[in-house]
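Some notes on the structure that comes next.
The values are calculated or read from the model by the stated rules, or taken from the named source; none is laboratory data. Being a predicted model, the structure only gives us computed values, none of them experimental. Here the Cβ is made from the backbone with ideal geometry for all residues, glycine too, and neighbour counts use every protein chain on show. Side chains are part of the model used for accessible areas, which takes the heavy atoms of the whole protein and leaves out ligands, DNA and RNA. Shrake-Rupley method; radii C 1.70, N 1.55, O 1.52, S 1.80 Å.
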Amino acid sequence: MAMIGRAEGRSAREAGDRPRVALNTITGRRAPMPRHAARSPAPAAERLRLGVAALLAGALILAAPSAWAEAGAPPPPPPTKPTVILTVPDPGPPGGGEPTLGGGRVDLAMRPLAGPPRPPGPKPANPRPSEADLIAAAGFAPEQVGYLVFDLDTGEYLAGHNATRADFLPASVAKVPTTVAALSVLGPDHTFPTLVRFDGDRTGGTWRGTLALVGGGDPVLDSEDLRELVEALKAAGLETLDGPFVYDDSALVAASALEPTQPAEHSYNPGLSALSLDFNRVRIEWDGDYIKRVRTHGTPPVAPIRVERSYDLSVGWSRSGPMLRHAFPPPGTRDDAGLVTEQWKMAPLAPGRGALWLPVKAPAPFVAAVFRELCAEAGITLPEPAPAMGPARGPIVAQHFSRSLDSITVAALKHSNNLVSELLGLATTRRLEGGPLSIPDSAARLERWLAETLPWVDWTGFHLANHSGLSPDSRASPEQIVSILRYGADRSAMGAPYLRLMPARHFPEAAGREIASLVRAGDVVPRVWAKSGTMFHGRGLAGVARGSSGNRLVFAVFASDLERRRAFDEGYLHYSGTAVRAAKTQLARARDLEHALLLKWITEH
């Protein structure tokens, strides 16, 4: 070994003592190897001996796999990867010039690329949730949700699910077919009259004969409108009526409730008549056993309605039941204050103090009583009102006309007033039939009108139990409601396009909503004009949205849990705190789902 070392040393000196260099893999330059580590080439004989040995070793390696295969032994492991040793860069040969490796020039391809490191590529975007994902996230089964989206500007259907199934509770979305039919049949300029007729002798300030207050089904009549009639009578010279004062509400079929299956004491379920006032409700306040009616919107508290607290335990009052019970007294019932047409009993369990809106179940005598009081305030003396025995006769001595139907429709859709919708529906079918119909018969007649007017629509399963959607028996499909909206949008005879009459909908920030936030729509604020519908275990929304393309997207979306709604009605669970809380929770999820679906459709279209 010493001899080999000396020979290597001599070879190095013969080469001009030029040091060998190692390649630095980072800089691409060569670094000199230490002299004690440099190796000189071996003598020729030694190099020959080493070469023959290398050839023999290679032949053995090439033959080894077949030999191992024949012996059934496993192949050898792969050779280990060489260890890369980083060395100090070589400053180059004396006198400058390119660094060398083994006497040759370094290939440029072996040098590292210059410049800063490249930034990492963008992360792959998470896929947006589908409608099915959103429905599942909201906790609804696929069959409990239905929707349809139609691009009014391109004529294309964009999305749909259970669109033709009429298995959904429309709730107040039923006001859409009611108002579309009313505008088409009656016209947008239609007005509702309230008249005063007099049949008798008008001599000086005393009129001898019959004065009749005649209702024309005005859905928005208020006390200021009645004052207009009173001023007309005063201008005509009336001071005292010598004869009967009657009220005539024969233009429509009266009802003591809009929907018999709903609680009677709720203010959204009043009675109905061709004479209706202040949406047929009165305000009461109580403190202990003292209960009084309150003057509201200029209406004097003179309704022939009595409310008193009851301590009759035989009635079966319960904390899980209604706090008010209604009854009609026998005709002609009177007390010290005068005629009594309705009686309410308040439970002893009711709070000691409070206030609420009370529905009026017999509207016509209520309106007549208020009219008489307003006359008294103006110095006109009228006797106690009584129902007319037939259609009023005599010339018109005072009249008031409501605002136009299109204006009433805007208010009806915005405030979702049940009484207004029922009166509009009844007026529509009265025009179609030439006479008044009951609420159920009128709703059936409106169904037939829709089928006759839109024969290309599949009306299978469609049902209107009334005109307001208050009944849990009504049913509709998304396609049926979208078809009605498209018809309304195209009808020039309705005046302004129907979609312009719909109220703007406002949504909370999507980031704070569990389901809507999944859409990741950024700061997109939905521009939506639509009618909503809400009842326990039933939610709907139908109208038009402005897509990101600027197109008008007509849509209807419903979420209905019919099984739970059926159980709610069969158990009459309106007063069950547990059932009501569960229903409200489900409604909140349905609203969140509506928001999410609209964000998805708007951003994608």
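Laid out as a table, the results:
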| quantity | calculated |
| --- | --- |
| Qualifying positions in the range 377-398 - in a loop (DSSP other than H, G, I, E, B), hydrophobic (A, V, I, L, M, F, W, C) and surrounded by fewer than 17 Cβ atoms within 10 Å (Cβ to Cβ) | Ala378, Met389 |
| Residues of the range 504-516 classified as free of Cβ contacts under 8 Å to residues at least 40 places away in the same chain and touching a helix residue (DSSP H, G or I) at 6+ places or on another chain (Cβ under 7 Å), total | 1 |
| Test: Arg445 is touching a residue at least 24 places away in the same chain (Cβ under 8 Å) and open to solvent by 10 Å² or more (accessible area, probe 1.4 Å) | no |
| Any chance Pro330 is at pLDDT below 95, open to solvent by 50 Å² or more (accessible area, probe 1.4 Å) and more than 18 Å from Asp278 (Cβ to Cβ) | yes |
| Subset of the range 448-484 [surrounded by 20 or more Cβ atoms within 10 Å (Cβ to Cβ), in a loop (DSSP other than H, G, I, E, B) and either among the hydroxyl-bearing types (Ser, Thr, Tyr) or outside the structural domain of Phe536 (by the TED database) (or both)] | Ser468, Ser471, Ser474, Ser477 |
| Restricting the range 469-499 to residues that are among the polar types (S, T, N, Q) and modelled with pLDDT of 95 or more, the residue that is nearest to Tyr572 (Cα to Cα) | Ser471 |
| Condition met for Phe568 (crowded, with 16+ Cβ neighbours inside 10 Å, more than 28 Å from Ala181 (Cα to Cα) and within 16 Å of the chain's Cα centre (by Cα)) | no |
| Any hit, the range 183-203, residues being charged (D, E, K, R) and open to solvent by less than 50 Å² (accessible area, probe 1.4 Å) | no |
